[in-house]
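Let me begin by presenting the structure, written as structure tokens, before commenting on it.
The values are calculated or read from the model by the stated rules, or taken from the named source; none is laboratory data. All of these numbers come straight from a predicted model, not from anything done at the bench. So basically every Cβ, Gly included, is an ideal-geometry build from the backbone, and we count neighbours across all protein chains shown. All accessible areas refer to the heavy atoms of the entire protein, side chains included, with ligands and DNA or RNA removed. Shrake-Rupley method; radii C 1.70, N 1.55, O 1.52, S 1.80 Å.
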Amino acid sequence: MTTDAVKNALSRQEIELPSWAFGNSGTRFKVFSQPGVPRSPEEKIADAAVVHKYTGVAPSVALHIPWDKVGDYARLSAYAKEQGVRLGAINSNVFQDDDYKLGSVTNPDPRVRRKATDHLLECVDIMDATGSQDLKLWFSDGTNYPGQDDIQDRQDRLAAALKEVYDRLGDDQRMLLEYKLFEPAFYTTDVPDWGTSYAHCLELGPKATVCIDTGHHAPGTNIEFIVAFLLRTKKLGAFDFNSRFYADDDLMVGAADPFQLFRIMNEIVRGGALDPDRGIAFMLDQCHNIEVKIPAIIRSVMNVQEATAKALLVDRDALRAAQASGDVLEANAALMDAYNTDVRPLLAELRESQGLDPNPVAAYQRSGYFEQIVKDRADGQQAGWGA
């Protein structure tokens, strides 16, 4: 692919930002506060708009309900538009209520299951009001001890809830079913892997697709294989980009293994799935606990851009020829040559051609925005986990 073709592909890339990444967060032991943190959904959107201002590729903001609950979602959507962004996926929350101690939609108590399913249906109502197309579901449901509950019954309960919500979706709406290996359920997790998510989505129909959270896998998992498989079966709906070193996730994407991020994006490029028209949502799902939030989010966006640029530079003809002839070394070299290319000058040129600063982080730091929000947001309840 020529340099101009690479730039053209990169100019169409879109990366969705999570509203919760701008709020206070921490480990399971402590939530850490930072100055200047948003106090409302509107201020989260304003911060997200700043990231888009300096990167040019983050035009949408995902909401988390009830963390971002407001009285008038049409008004919130209009506010986002005024800021130069739009509202994206609606994320449900069925893991922060005492009723969900033994699960939400898979809970043995039908009253709790009804409560959880009603919340998911409420999220679809919010999608109608905001114009959002994606409902993202993640369930912390599972068990801690053998015999605690019937594993197959829990899958039946899950399927029933998903079907009810699926049937409520509009023609232009879809469901993204995320999976997580473990935590907080340590014996069984009801949606622990891509196969479970895939099986439920396959049963539901074309409006149900899998969301791959890049930090939610066992060490050594070949995530790019999962990407390739789901692309082939047209069941890949979205990514939640983040990173992890041992078990938990939510570090900046590419922090642990930038080569893995490149390999993932290589499969996306190879499958022709980079263009927004293909319907793959590239979203960040991160919690910036000890680092300053807006610069960290900007860096994450840039990390995805760099991995994508390298994937676009792979010599596909040379790679195919080496694969066809069984030349293992040349095939590997075709990937490594692209990965080892310094794409930062190319991205700097692209940004300058778009009227952006070639260094988004530096541009943000010079802007004085952080100093202003620290001053303006000195009072009131800061947003964050459970706020």
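In this structure, does residue 260 turn out to be among the polar types (S, T, N, Q), buried (at least 16 other Cβ atoms within 10 Å of the Cβ) and part of a loop (DSSP other than H, G, I, E, B)?
So residue 260 does not fit the description; no.
Hey, can you tell me all the residues within segment 303-332 that are touching a residue at least 12 places away in the same chain (Cβ under 8 Å) and open to solvent by 30 Å² or more (accessible area, probe 1.4 Å)?
Passing the criteria: 303, 306, 310, 313, 315, 316, 318, 330.
What tally of residues in segment 108-143 results from selecting those that are open to solvent by 20 Å² or more (accessible area, probe 1.4 Å), under 28 Å from residue 281 (Cα atoms) and part of a helix (DSSP H, G or I)?
So the answer is 7.
Since residue 245 meets every condition but one in (1) of a type in the set (Phe, Trp, Tyr); (2) in contact with a helix residue (DSSP H, G or I) (Cβ under 9 Å, 6 or more places away or on another chain); (3) without any contact (Cβ under 8 Å) to a residue 24 or more places away in the chain; (4) under 29 Å from residue 103 (Cβ atoms), which condition does it not meet?
With respect to (1) of a type in the set (Phe, Trp, Tyr); (2) in contact with a helix residue (DSSP H, G or I) (Cβ under 9 Å, 6 or more places away or on another chain); (3) without any contact (Cβ under 8 Å) to a residue 24 or more places away in the chain; (4) under 29 Å from residue 103 (Cβ atoms), residue 245 is out only on (2).
Considering only residues that are part of a loop (DSSP other than H, G, I, E, B), in contact (Cβ under 8 Å) with a residue 12 or more places away in the chain and surrounded by fewer than 16 Cβ atoms within 10 Å (Cβ to Cβ), which ones fall in segment 149-180?
170, 172
Scan 105, 94, 70, 61 and give me the residue that is in a strand (DSSP E or B) and either in contact with a helix residue (DSSP H, G or I) (Cβ under 6 Å, 6 or more places away or on another chain) or closer than 27 Å to residue 13 by Cβ (or both).
61
What do you reckon, is residue 197 closer than 29 Å to residue 77 by Cβ, hydroxyl-bearing (Ser, Thr, Tyr) and in contact with a Phe, Trp or Tyr (Cβ under 8 Å, 6 or more places away or on another chain)?
yes
Limited to segment 190-229, what total is found for residues that are of a type in the set (A, V, I, L, M, F, W, C) and touching a helix residue (DSSP H, G or I) at 6+ places or on another chain (Cβ under 7 Å)?
10
Return the residues of segment 122-161 that are more than 14 Å from residue 108 (Cα to Cα) and of a type in the set (D, E, K, R); say none if nothing qualifies.
122, 125, 128, 134, 136
Before we move on, is residue 253 more than 23 Å from residue 210 (Cβ to Cβ), outside any helix (DSSP H, G or I) and open to solvent by less than 40 Å² (accessible area, probe 1.4 Å)?
Against the criterion (more than 23 Å from residue 210 (Cβ to Cβ), outside any helix (DSSP H, G or I) and open to solvent by less than 40 Å² (accessible area, probe 1.4 Å)), residue 253 does not qualify.
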